[in-house]
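Worksheet: one structure, shown below.
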Amino acid sequence: MLQGFKEFITRGNVVDLAVGVIIGAAFNQVVTALNEKFLMPIIAGLFGQPNFDSVLMFHIGESAVMPGAIITALVNFLIVAAALYFFVVVPINKMRKPAVVEEAAPTEDVVLLTQIRDLLARQN
């Protein structure tokens, strides 16, 4: 039973998942700072408030219906998605991209072996 647990824990995808969760938690602070301290003040400067919650707001009786809160949530989602894409996905894809390797001319022995292979193939 302990051996199975050890195999489970050391399996690559479990370790990758754990690292992803930890990195995600740390990256959350970066995205939150970008959102709250940089982008939302710009939105506040343009629209007079740091979110869209009161946009299209209306009242039904004593209750306030705020469809703008959905817009705020969508903007926050797009900010997080863009930050992940540009700061995580793009750099990792560039690191994973294989380097272009120029093919060297075949050596004399490879050329000779290729000729022998072709001759044997013609004879059969």
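The values are calculated or read from the model by the stated rules, or taken from the named source; none is laboratory data. Remember, it's a predicted structure, so these values are computed and weren't measured experimentally. We place every Cβ from the backbone using ideal geometry, glycine too, and count neighbours over all the protein chains shown.
Out of curiosity, is Gly68 surrounded by 10 or more Cβ atoms within 10 Å (Cβ to Cβ) and farther than 22 Å from Ala25 by Cα? Yes, satisfied.
Taken residue by residue, the stretch 30-42 has at least one member that is touching a Pro at 6+ places or on another chain (Cβ under 6 Å), at pLDDT below 85 and outside any loop (DSSP other than H, G, I, E, B).
Can you say whether Gly48 is surrounded by fewer than 10 Cβ atoms within 10 Å (Cβ to Cβ) and over 30 Å from Pro67 (Cβ atoms), as far as the supplied structure shows? Judged against the criteria, Gly48 is not a match. Listed by first and then second residue, the pairs linking a residue in the stretch 48-67 that is over 18 Å from Phe38 (Cα atoms) to a residue that is among the acidic types (Asp, Glu), with Cβ atoms under 9 Å apart and 6 or more places separating them unless they lie on different chains, are Met66/Asp53.
Exactly one residue out of Val21, Val55, Val31 is more than 24 Å from the chain's Cα centre (by Cα) and on the phi < 0 side of the Ramachandran plot: that is Val55.
Condition check for Gly45 on (1) in contact with a Gly (Cβ under 9 Å, 6 or more places away or on another chain); (2) modelled with pLDDT of 85 or more: one failure, at (1).
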